[in-house]
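The values are calculated or read from the model by the stated rules, or taken from the named source; none is laboratory data. Remember, it's a predicted structure, so these values are computed and weren't measured experimentally. Counting neighbours? That spans all protein chains shown, and the Cβs are built from the backbone with ideal geometry, glycine included.
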Amino acid sequence: MSFSGEDGRDRHTRVHTRSSPGFLERLGETMGGMAVGVALFFLSFYVLFTNEGRAIRTASSLDEGLARVVTLHPDVYVDPQNNGQLVHLSASLRTAQPLYDPNYRVSVHAVKLKRNVEMYQWVEYQESRDYTENGETKTETTYTYNTEWKSELINSRNFDKEIGHVNPSAMAVESVTVVAPDVWVGHFSLSEGLIDQINNFQTLSLSALSVTDPFLTVYEDYFYHTANPRRPEVGDVRVSFSYAGLSGEGSFPGPAQKVSVVAMQKEDKLMPFKTKSGDTLEILYLEELTAEEVFAREHQYNVMKTWALRAGGWFLMFLGISLTMRIFYTLVDWVPVLRELVSVGVKLFAVCVSCSLSLLTISVGWLFYRPLLAALIAAVALLPVLVTQRSQSREETPVTTTECGTITRSGKSLSQRQKNQPR
């Protein structure tokens with residue numbers, strides 16, 4: 001172990017030496033990677049196929065919801081005739097009383113109030129590089145230690161060098177999120193699922209608050225459990241607050257948040273609405289939107305999610321094929337030139353096969369809903385195979401032998417072609 005840097009306490013380097021793995025050891029590692037590759041390969045089919053069914057089901061549910069939704073006026077009282085119907089409502093959030101933190105005497109009229117606690121701690125960073133020396137493989141790891149504010153507790157016992165970098169075993173104050181028990185939009189109370197969607201947290205400014213606790217210092221919207229916030233020590237704690245969904249008219253720190261909700265009316269409650277496709281509609285946006293705008297955004301989100309899962313499924317398939325085919329790379333890794341050629345070939349093969357199989361899987365997912373589109377996608381997926389077979393058929397020309405021993409190709413003898421050549 002050697003030390004480097006201006007302060008040896010904060011940085012040191014350790015070198016680990018290991019013998020170069022033999023062929024059987026590398027082969028064993030490759031076989032383990034192949035097993036993982038096979039699992040990823042089959043997992044990709046599941047992700048791609050189920051994603052198409054989910055996308056189609058969600059699109060059908062959104063179309064059904066748009067056709068059935070009833071827009072309510074925010075000032076109109078609950079109408080029993082709409083019980084069981086899908087309704088749309090735009091109005092301000094409302095709660096019965098403000099949320100309060102007794103430890104720091106912070107009060108906010110909002111749906112959620114979050115206490116964020118951070119502690120000044122040692123943090124270990126690692127940088128490693130591998131190199132070969134005297135026929136041995138060595139790993140040089142540099143460990144660097146910095147002091148930072150962290151919201152999670154860092155266990156210094158896992159450090160490579162704990163001496164001089166010891167963190168406390170617990171925080172003096174814990175982080176917590178308080179949620180209002182009852183939230184209304186207009187004359188309707190929201191379900192837990194709708195309340196969970198209110199997550200537009202904003203930092204609470206502490207400049208307007210008066211602090212009388214002698215053990216606390218307010219600096220840049222933080223409560224500091226230290227006398228000098230600009231020079232903290234390991235173990236010092238600072239606390240900030242954030243809120244989501246303002247729900248008080250004309251109160252600190254601002255007016256009530258206006259939202260748009262699409263859900264099922266059940267008396268004076270807004271609950272999940274189950275569609276014929278089997279999905280549930282329980283939508284909340286933190287702005288005023290019409291019913292058409294709400295469903296248009298949900299369609300857009302569904303498309304984005306569908307393409308993201310398609311890309312993820314393709315990547316899983318590509319990674320699975322690459323790991324499965326790595327056996328060829330291991331067999332020739334002792335020849336540098338051949339090793340590079342095989343590596344490029346395996347990657348190209350994995351890209352082509354994963355693209356084709358992904359498109360085929362997607363087309364199967366659409367088969368029962370849009371057969372023509374499924375056939376088109378399948379044709380595109382099989383295009384690389386058809387082009388390859390056609391190019392091979394052109395290269396392989398028929399060869400025959402006549403009675404006099406003249407070899408003919410494509411219906412014309414060599415002697416005839418020689419006669420046609422200019423002299």
So is Glu249 at pLDDT 90 or above and either among the acidic types (Asp, Glu) or not assigned by TED's automatic domain parsing to the domain that holds Asn83 (or both) or not?
no
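Results for (1) within 28 Å of the chain's Cα centre (by Cα); (2) closer than 23 Å to Ala39 by Cα; (3) modelled with pLDDT under 85, shown as yes or no for each residue.
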| residue | (1), (2), (3) |
| --- | --- |
| Ala311 | yes, yes, no |
| Trp314 | yes, yes, no |
| Arg326 | yes, yes, yes |
| Trp334 | no, no, yes |
| Glu340 | no, no, yes |
| Val346 | yes, yes, yes |
| Trp366 | yes, no, yes |
| Tyr369 | no, no, yes |
| Ala375 | no, no, yes |
Would you please list the contacts, defined by Cβ atoms under 8 Å and residues six or more apart or on different chains, that run from a residue in segment 216-232 that is touching a residue at least 40 places away in the same chain (Cβ under 8 Å) and among the β-branched types (Val, Ile, Thr) to a residue that is crowded, with 16+ Cβ neighbours inside 10 Å and part of a strand (DSSP E or B)?
none
Give segment 101-149 a look and list any residue that's surrounded by fewer than 13 Cβ atoms within 10 Å (Cβ to Cβ), touching a Lys or Arg at 6+ places or on another chain (Cβ under 9 Å) and among the aromatic types (Phe, Trp, Tyr), or say none.
Tyr131
Would you confirm whether any residue within segment 53-69 is at pLDDT 90 or above, assigned to a loop (DSSP other than H, G, I, E, B) and over 30 Å from Val123 (Cα atoms)?
yes
Suppose we filter segment 82-107 for residues that are out of contact with any Pro (no Cβ under 6 Å at 6 or more places or on another chain), assigned to a strand (DSSP E or B) and not basic (Lys, Arg); how many remain?
12
Could you check, for segment 289-296, whether at least one of its residues is of a type outside the set (Val, Ile, Thr), surrounded by 15 or more Cβ atoms within 10 Å (Cβ to Cβ) and touching a strand residue (DSSP E or B) at 6+ places or on another chain (Cβ under 7 Å)?
yes
Taking the condition part of a strand (DSSP E or B), closer than 30 Å to Ser92 by Cα and among the aromatic types (Phe, Trp, Tyr), does Trp184 pass?
yes
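Matching residues to (1) under 23 Å from Gln202 (Cβ atoms); (2) surrounded by fewer than 20 Cβ atoms within 10 Å (Cβ to Cβ):
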{"position": "Gly235", "(1), (2)": "no, yes"}
{"position": "Gly245", "(1), (2)": "yes, no"}
{"position": "Phe252", "(1), (2)": "yes, yes"}
{"position": "Pro272", "(1), (2)": "no, yes"}
If you scan segment 70-107, which residues turn out to be under 30 Å from Val173 (Cα atoms), over 36 Å from the mean Cα position of the chain (by Cα) and either at pLDDT 95 or above or of a type in the set (A, V, I, L, M, F, W, C) (or both)?
Ala96
